[in-house]
Structures are given as structure tokens and as C-alpha cells.
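Right, one structure below, let's go through it.
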Amino acid sequence: MIARLTSSFTRSAVITALALSVSFCAAQTTSSVYTNPRAGADDPRIGLKGGLYDAGEAAFGLKRIVSLPKPAGFAPDLAAIAAIDAAPEPAPGAPRAPRPPGPAGPAPYGTTNSDLAFSSTHLFVGNYNGVNFYDISDPAKIKLVTSMVCPGGQGDVSVYGHLLFMSVEAANGRLDCGTQGFPVPAAATPTPAPEPASPAAPGAPVARQRPPLPPPSSDRVKGVRIFDISDISKPKQVADVQTCRGSHTHTLVVDPKDKDNVYIYVSGSAAVRQAEELAGCSGADPSADPDTALFTIVVIKVPLAHPELSKVVNSPKIFTDPASGDVNGLWKGGTHGEGTQTTSATRGCHDITVRSDLGLAAGACSGNGILLNISDPVHPVRLDAVNDPNYAFWHSANFSNDGTKVLFTDEWGGGGQPRCRSTDPMNWGADALFNLKDGKLTLASYYKMPAPQTELENCVAHNGSLIPIPGRDIEVQSWYQGGVSIVDFTDISHPIEIGYFDRGPVDGTRHAMGGQWSTYWYNGYIYGSEIARGVDVFKLVPNKYLTQNEIDAASQVHVAELNVQNQEKFSWPANYVVAHAYIDQLARSNSLDAKQVSSLNAAIAKNKSKELKTMAASLDKDAAAAKSPVDANRMHKLADIIKQGGAPLQASLN
């Protein structure tokens, strides 16, 4: 379904830019692997009308079923927005210039919605000002249950049983969740932020100057807050685990061998705190202090019976050069040569995604994508590290369901800049897709949301999750104000977009921060945390790339909890709902002809067991000559279901 409202002026401007950009892009980007093409000028996402709550929309393969604005304490200030719109517009910055500082005072579009977590019939939406809890027992009637103001940014959340974990890294985070922050005495002398621990490489830009550190305070928290949410209406803070660089993001790690504890990997990126505020913190160069808080992550152990005893148990130096022992052993920052990206130095990770069943983690670590062995979760060991001349900032990662592929994202511009314009390279600010074999990563392709966006829209690759459609690798992903894009990377060398949702800019006249922060599939629905507007709930709808049978098969997969960075393997019941999904896929790829498809569907409908057994044997035999290994696997899976008679429903194919 396509629904749209278009501004003819903006549309014309984008189309003109599209035409002018072709030679420019070709001159500045190089790649030895496939990059998906930019969308044509007729893409309905081009030129959508702007607006906070009345923006134009375009959708394909997705239907927005409901949206809920942010609640009081988090919501936009409509009067402030009107005042800003009435003021003269500031001069625009140069393309690719560093992000300018934001205005002082409260953000007019409210505090920023961030990451999502799910448990049973509840959705938890992180925010720089706290967490909001929603009841999603009926997703079409999502409703707010609890609104917990507890500032400290960025407020990423995860859940495990009755525990909720929340990242805190901002200087205003207080132990008591108070909103008063830490007023600085007039006579106080600010502490300069630590200098980078190593000089930038030749050609690298001057590092961004961090603001001075505020005076130390025993009431400040940076790290991970832990709440008991046994009573969802009255969350109770039971622990604050302090770390030297705070927690920009975190990852819940469940060790299959340890039922008494869970672990938290903390990715901190704030300036290192003063030792006067947290003993032992040092931001010194590792040559001067081997216990520096730089070039590491933090591991927290959480005893499930006594979460109040949670503590830091390790700070592994996962970027160490094994030959020299230098803990600053990976990318030092700077460009990769003429015409390449300027890439951040690797001093920490932005985000880590674990697959405990595989004993692996994929780390998006600023200047590198890395692979870790986490079979001992307290002592992760690096297996591989890659970088890329088209990547500016390795941001997040997802594994394919079978663990043979990894999708990394590049947050070029830090998320606040327009990086999906028609003049921006398609392999910058994009996904990089890697094959994973024997502990090594090999680049296979790039994918970027293809519809060009305007200067008013911050847009770049951001958070997403797998959609559990059997037989395919499909991810739903956020692109800030580039909306939502659904990518099929089953053929990793040629990823394609199979669905999308987009709105016009938050403000139709000037740049304003907004868009989808995280968009995740959960038990048959897709949920999005919109930075400025609130929460969106979507459903998949059939299109030429996706059938109702495939959607129905995905909807059979239910999980008790979802923390996307703690990625679990999906499995499907061995029933005929899944069988029909495989049949549709084999028909789409022409591995089954129309007569075979008709015969299979008819035999299943009438449950002709003898005929089906003969068909199953043929499928197994024909798989040897299938058009691709993917189709061969689908044929074997389909045959397995038929041989089992399409039952029992609880059986797993994997």
C-alpha cells in the first residue's frame, strides 16, 4: 500500500539534485563489492510534506497501525517550536562539516527517545530523560503504563526477568534520579577533559574538543542503573554500577552455563571521570598507566538472586595488538587515502551484539568491526577485526539467524546530520554486510536506504533487528528521518529493499532532530521509537517481494523477551504454515514450476499423506540440482515438514 502527501517544490529540488549528483558520486567512491542503487526520481518518499504530527507518509510492505506521542515530561514543547519557526533561520553549515553545538536549554522537540526492549506484553522505551513502559497486549491499542523520569542519557534499556537495565553516561545523572542536575558553584574551576591517549594519524582531522568535566560529585552516576520491575507500575532502583566512562550502550549477556548470573557488556564513550569522583579512573595513555579506562569495555556481573551486589568484574583490553602487546592495537583514526572516509579511532565500542548460542559477539567499535569469542563471557577474546575505507563510525551489528553473516552499520555524521542526500555516496553511512566463516569476516556488499532525503532530515544507518521469515535473511532497520527500510540480504552479495515507511521531515522549514532511532520486530509486529514523535507500531503487508504465507510463518515465532543486542536464534514449528512460506519462495525463484506449486498446495490442502511422501522424496532429490544453495536448503526444509505430516506444531526445524 502506498500513501503519500507531496510538496511539489521539495520534490522538484530533490529530483534536480538527483540528476546533478550522478557524476559527483561516481568520482568520490570506490568499492570492490556490490552497492545497491539509489532509488529513481519516482520514489514516493521524495518530497514528503514536513510536520511534527501531520507529515506526509509513504509506505510499501508496511502499514502503520497506530502511533502514540511522547508523554508529559518527554514531549515536545509546541510553543517553543512555534517561537523557533518564527525566528530567522541560521546560516547553513558546509556539507560534511562537524556538527555544530545545539542551542542551550530544553530541546523543543522534547527529550530524545532511544532504544527499545520487550518483555511479555510490555514495551520499554528508553529516553535521555528516563524510561516509558507501555502495555502492548493489544498492539493496536498500545497504552502508557508507567512513565519514569530519571535523566542521565542515553537511556538504552534491556530486560531480564524482573530486572531492567538502563545506560547512563551524561553528567546530569543523579543517584536519586533527580532532575536538578548538578549546579556548578560560581567559584568552581572546571577540569579540562582528558586529551586523546594517542595522537591522530597523519591526515586525520583535529579531534573534537570535549567540554570540561564538571566538579566531582558523590551523587553522580555514570554506568548502569538496575531496577526491579516486579511491579511494573512501581519500578524500584536496586543498584547503580558505576563505570569510568559511563554507559553509552550496553548488552545483556546470558551464559548458557551459568543460571545464577547474567552479565552486562558496557560500551562507554564519555570522557573518563576524575578519580576524585570514582576511585581508580584514569584517562591516561596506556604507556603511562596500563590500567587506563580507554581501549576497553567493561563487564558487569549481575547475581540474579541479589542484583544489589552487581559489580564490575573485568575490563578486557580487546583491542590489543597480539604481536606488540599495545592495547591501542587497532585503527588509529584518520583517512584511508584520497577519496575515502575519515574514520574514528578505536578507543572503545559503540555497541556489541552477542550470540550466546554460538559463543560469539560482533562489536561495532568506532574505527573497527570486531568479532569476539565469548564462550567465557567475563574474558572475551578477539578473533578478528576489520575496517573499511567507506566507514566513518562502526555503530551496531546484527548476525543472520544461522550465524554465517554479520550486518554492521555506519553512523556517519553521528546521527544528527543529513547523510542520505542525493549527493551522498551510497556506500557511506550504509550497512556493510560480511560473510562469517571460521572466525573471519569477509566483506560481501553494502546496503543503504535508497530514497534520497533532504537537508532537513538527519539520516544514516541505525538500529534494526531480524524479521523471522523462514528461508530468508530479512532485517527491519531505522534510518532516523530516512524512516524504516526492510532489507533482504539472503543473497548477501546483492541485498535488496523489500519494504519501507517514511515521513516528511519533523520541521518542513528547517533542520530538526527526529526520526526512527530503533525499529524492531517483536511477536508479529514492528515497533519504532521515533525520536521526536513517540512510538509507532507497524504490521507487514504482502507485496511482490513478500507473501502473506511468509508473514504468517514469521508471526508464529514468539519470544518471551527481546533485547536486540542479545540476539537469540529463531526457530519455526514444523507445520504447513511454514511449508507454504517455503513453497512461495521456491516459486518466486523458479526452483518450482507452476505445476509443482499447484500440486504441493493441493496435496497439503487435502492432506494426501501418500502423495505428500512421494513429493517429499522428490524435493530431497531435486535439491541437488536446485538453482542455489539457499533453494536447496528450502527444499530440504519443506520435505522435512511434509515427512512429519505438518505436525507437531511445537517441533523445531532448527
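The residues of the chain present an accessible area of 40 Å² per residue when probed at 1.4 Å with all protein chains retained.
As a rough guide to protection, the peptides 420-432, 253-265 ranked by mean Cβ packing within 10 Å, highest first, stand as 420-432, 253-265. Computed on the chain, with alpha-carbon pairs under 8 angstrom and 6+ residues apart, the relative contact order is 14 percent. Straight Cα distances below 19 angstrom link K49 to the lysines K63, with same-chain residues fewer than 8 positions distant left out.
Whole-Hz Karplus values for the range 556-563 come out as 6, 7, 10, 10, 6, 9, 9, 10 Hz, taken residue by residue from phi with 6.51 cos²θ - 1.76 cosθ + 1.60 and θ = phi - 60°; glycine and proline positions read x.
Where in the range 521-553 does the label zone of N633 land, with the point 7 angstrom along Cα→C-beta and an amide N cut-off under 15 Å? Once the point is set 7 Å along Cα→Cβ of N633, nothing inside the range 521-553 turns out to lie under 15 Å by backbone N. Two tests apply to each whole DSSP H helix in the chain, Cα reach of 20 Å or more along its axis and mean Kyte-Doolittle hydropathy of at least -0.5, and the ones passing both are 8-28, 629-643. When you restrict to C-alpha pairs under 8 Å that are six or more residues apart and normalise by the size of the range 474-513, the relative contact order lands at 32 percent.
Rg over Rh for the range 274-322 works out to 1.07, both radii taken from alpha-carbon positions and Rh defined as the Kirkwood radius. Extents of the chain, largest first, come to 88, 60, 53 Å (Cα atoms, principal axes, whole angstrom).
Could you tell me whether the range 489-597 comes out rounded, prolate or oblate from its Cα gyration tensor? Rule is a ≥ b ≥ c as square roots of the eigenvalues, rounded for a/c under 1.5, then prolate if a/b exceeds b/c, otherwise oblate. Mind dumping the intermediate values first?
Details: a/c = 2.59, a/b = 1.70, b/c = 1.52.
Prolate, because a/c is 1.5 or more and a/b exceeds b/c.
The HN-Hα couplings worked out from phi for the range 516-523 by the Karplus form 6.51 cos²θ - 1.76 cosθ + 1.60 (θ = phi - 60°) are 7, 7, 9, 9, 10, 7, 8, 6 Hz, whole numbers, x standing for Gly and Pro. Look at where the Cα atoms of the range 268-286 and of the range 433-489 average out, and the two centres are 35 Å apart.
Partners of K143 within straight-line reach, counting lysines whose Cα lies under 16 Å from its Cα and excluding those fewer than 8 residues away in the same chain: K70.
Relative to the globular-protein estimate of 2.2 N^0.38 Å, the Cα radius of gyration of the range 385-540 stands at 0.99.
In the chain, the portion of solvent-accessible area held by carbon and sulfur atoms comes to 57 percent [1.4 Å probe, whole percent, DNA, RNA and ligands not counted]. If you count Lys pairs in the range 220-323 whose Cα atoms are under 23 Å apart, skipping same-chain pairs closer than 8 places in sequence, the total is 13.
Relative contact order of the range 534-630: what whole-number percent is it, with Cα pairs under 8 angstrom and at least 6 residues apart?
Numbers: 45 pairs, mean separation 19.6, N = 97.
Over the range 534-630, the number comes to 20 percent.
Seen from a random direction on average, the alpha-carbon convex hull of the range 545-654 projects onto 7.4 square nanometres. For the range 410-426, 3J(HN,Hα) computed residue by residue from phi via the Karplus equation (6.51, -1.76, 1.60; θ = phi - 60°) reads 10, 8, 5, x, x, x, x, 10, x, 10, 10, 6, 5, 8, 8, x, 6 Hz, glycine and proline entered as x.
Distance between the pseudo-spin-label points of E611 and A75 (7 Å out from Cα toward the beta carbon): 6.0 nm. Quarter the surface of the alpha carbon convex hull of the range 589-629 and you get the mean projected area, 2.9 square nanometres. Determine, at each q value in 0.20, 0.22, 0.25, 0.28 (inverse angstroms), the log₁₀ of I(q)/I(0) that the Debye formula gives when each Cα of the range 371-447 is one equal point scatterer. Debye curve over Cα of the range 371-447, log10 I(q)/I(0) at q = 0.20, 0.22, 0.25, 0.28 Å⁻¹: -0.90, -1.02, -1.19, -1.35. For K627, the lysines whose Cα comes closer than 28 Å to its Cα, not counting residues fewer than 8 places off in the same chain, are K405, K437, K440, K448, K544, K569, K595, K608, K610, K613, K637, K643.
Can you order the peptides 32-42, 164-174, 561-571 by their average number of other Cβ atoms within 10 Å per residue, highest first? Provide the component values of the computation, followed by the final result.
Details: 32-42: 14.4, 164-174: 24.5, 561-571: 20.8.
So the peptides 32-42, 164-174, 561-571, ranked by packing, come out 164-174, 561-571, 32-42.
In the P(r) worked out for the range 138-182, what percent of Cα pairs fall beyond 15 Å?
In whole percent, the long-distance tail amounts to 56.
For I498, the residues 5 or more places off, or on other chains, whose built amide H falls under 5 Å of its own are I486, V487, D488.
The values are calculated or read from the model by the stated rules, or taken from the named source; none is laboratory data. What you are looking at is a predicted structure, and each value in this text was computed from that prediction instead of being measured. Neighbour counts are summed over all protein chains in view; Cβ atoms, including those assigned to glycine, are modelled from backbone coordinates with ideal geometry. These accessible areas exclude ligands, DNA and RNA; they are computed on the full protein's heavy atoms, side chains included. Shrake-Rupley method; radii C 1.70, N 1.55, O 1.52, S 1.80 Å.
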